[in-house]
Amino acid sequence: ADIFQGNDKVFTFSIHGANNYPFKTRRRSDLDVDVPDGTTDEEYLSLLEEHLPQLFAEVKPKLVFYQAGVDGLKEDSFGRLALTRSGLIRRNNMVYDQCIKNACKLVITMGGGYSRPIDATVAACTDVFRTAALKYAALS
């Protein structure tokens, strides 16, 4: 978000743990939605559903960079949320569905994910791309 400060052509949106790292150096987005420790799938997805369609309608993006971190998993060593793998898949689909509905190009990047054992992180990261591949292949 920092590199786009003051750029009216770019809108940044973040929904994240209020108490997650980096505490002192976190960059602000145009719209930040802080969620409390222990936030569950239903709480998180409800907030995303509240904001995402409205943002697409107002901002009308032509390109979305989706930073699909998985440190929200309840198994994560650093994240403080209580999201499940299923919840993250639903989150991913919400983003993909909005991009498809609004004919918006999508770039997916990864970040965050530190579960022990690492298997939960690997599975959730794989889901990000597998779900996108299935969703977009169905359009062909």
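The values are calculated or read from the model by the stated rules, or taken from the named source; none is laboratory data. In this text the structure is predicted, and so the values were computed from the model without any measurement. Backbone-built Cβ (ideal geometry, glycine too); neighbour counts: all protein chains shown. Surface accessibility is based on the protein's heavy atoms, side chains included, excluding ligands, DNA and RNA. Shrake-Rupley method; radii C 1.70, N 1.55, O 1.52, S 1.80 Å.
Extension gain for ASN102-ARG130 works out to 8.0 nm (0.36 nm per residue, less the C-alpha to C-alpha distance). Here the accessible area of region 18-64 is 54 percent carbon and sulfur, with a 1.4 angstrom probe and all protein chains present.
For the chain, the solvent-accessible area of protein heavy atoms averages 61 Å² per residue (probe radius 1.4 Å; ligands and nucleic acids excluded). Evaluated over the chain, the count of Lys pairs having alpha-carbon atoms less than 25 Å apart is 13 (only pairs 8 or more residues apart or interchain). Electrostatic bookkeeping for LEU31 treats Lys and Arg as +1 and Asp and Glu as -1; over the other residues with beta carbon under 12 Å from its beta carbon, the sum is -4. One decimal place: the segment LEU47-ALA138 gains 30.0 nm when fully extended, by the rule 0.36 nm per residue minus the C-alpha distance. Note on the chain: with charges restricted to the Cβ of Lys and Arg (+1) and Asp and Glu (-1), its dipole about the Cα centre is near 480 debye. Sort region 59-114 into rounded, prolate or oblate with this rule: let a ≥ b ≥ c be the square roots of the eigenvalues of the Cα gyration tensor; rounded if a/c is under 1.5, and if a/c is not under 1.5, prolate when a/b is larger than b/c, oblate otherwise. Prolate.
Full extension of the chain segment joining PHE4 with ILE89 gains 27.8 nm, where the gain is 0.36 nm per residue of separation less the Cα-Cα distance. Taking a Cβ cut-off of under 15 Å around ILE15, the surrounding Lys, Arg, Asp and Glu residues balance to a net charge of -4, with basic ones at +1 and acidic ones at -1.
In the chain, taking the dipole from charged Cβ atoms about the Cα centre, the farthest positive-side position among GLY87, PHE56, TYR136 is held by TYR136.
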